[in-house]
Amino acid sequence: MKNQSTYILSLICISLFFTNLLFSQKVQKSMISLENKSLVVNVDNYFRIVAQQLKPVTIDQLSATLETNKNVKYSINIQVEKGYFWIHPDSIGKIEIKIKLKDTIETKIFQVEPIVAVGRFANYKANGDAKISVGEFKAQGGIIASVECCGYDAKCTVLGYQVIRISSNNLVTRGINKAEHFDKNTRFIIDQAKPGDLFIFRNIFCRCPSALKPQRLDDMTFEIK
């Protein structure tokens, strides 16, 4: 009987503990909806706000600060356009958006990330298994770094890459290209393409706006048919 009473008392204590924990947590009264998981530097980042109030949130209820990776903190403007709010961070780091509600001020924190690019050769990207015809392969002019996020079409600057041709009889030719477009030496290698050849583009580096350092893109391998 004593053991049973102890067991029931333990259950009651555990129940009270989790009940207090649940109600002690601050209930959020607002929510920010972003198109991406984080904000992107040098881009107009659009978002919506839903809050527990009768009228929609206005821009007068909002303020924001940006803290860079060098611990420099300053205010940053929030704009409104056609029912959407937007913010344009000019540095990577962390943004705090404060929302003034009737009885409280809530803070939402978002990371500001650099633009991430994807290497493209015509319509092809890395990690595919597509075979390219000789004609289509020779018709290309270089490799681009395409930005494929954030709801807009843009490119980063390709700094250079290595091109390797492995012929059908296993002869290897290498070259270094120092820009997006094929230079004279790379063009010569590309023009040697024949069915059965394997072409590898590796050490592809690009620089996106406000990036602290170049980004290396995935290697691309193409079989010529």
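Within the stretch 117-224, how many Lys pairs sit with Cα atoms under 15 Å apart, leaving out pairs fewer than 8 places apart on the same chain?
Lysine pairs meeting both conditions in the stretch 117-224 amount to 4.
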Let's see if you can work this out: charge +1 on each Lys and Arg Cβ, -1 on each Asp and Glu Cβ, no other charges. What is the dipole magnitude of the chain about its Cα centre, in debye to the nearest 20? 320 debye
Please report, to one decimal in angstroms, the Kirkwood hydrodynamic radius of the stretch 28-113 built from all distinct Cα-Cα pairs. 13.1 Å
How would you rank 214-222, 188-196, highest first, on the average number of other Cβ atoms within 10 Å across their residues? 214-222, 188-196
Please work out, to two decimal places, the log10 of the ratio I(q)/I(0) at q = 0.18, 0.19, 0.24 Å⁻¹ from a Debye calculation in which every Cα of the stretch 67-178 carries one identical scatterer. -1.07, -1.14, -1.48
Along principal axes, largest first, the alpha-carbon spread of the stretch 154-225 in whole Å comes out as 44, 22, 20
For the stretch 156-212 and the stretch 36-108, what is the separation of their C-alpha centers, rounded to whole Å? 42 Å
Kindly provide the helix-only [θ] at 222 nm of the chain, computed as the sum of -39,500 (n - 2.57) over DSSP H runs of four or more divided by all residues, to the nearest 500 deg cm²/dmol? -5000 deg cm²/dmol
Karplus ³J(HN,Hα) for the stretch 40-57 (6.51 cos²θ - 1.76 cosθ + 1.60, θ = phi - 60°; Hz, whole; x = Gly/Pro) runs 10, 5, 6, 9, 6, 8, 8, 7, 10, 10, 10, 9, 7, 8, 5, 9, x, 5
Place the peptides 107-114, 160-167 in order of packing, highest mean first, counting for every residue the other Cβ atoms within 10 Å and averaging per peptide. 160-167, 107-114
Taking H placed 1.01 Å from N in the peptide plane, check which residues at least 5 places from Val118 or on another chain put their amide H under 5 Å from its amide H. Ser146, Val147, Glu148
For the chain, take the convex hull of the Cα atoms, compute a quarter of its surface area, and give me that in nm², please. 22.5 nm²
For the stretch 117-224, size of Cβ-based charge dipole, Lys and Arg +1, Asp and Glu -1, in debye: 340 debye
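Read-outs throughout are calculated quantities, based only on the coordinates presented, and are distinct from any laboratory measurement. Note that this is a predicted model, so its numbers are computed, not measured. Using ideal geometry, Cβ is built from the backbone for each residue, glycine included, and neighbour counts are taken over all protein chains shown.
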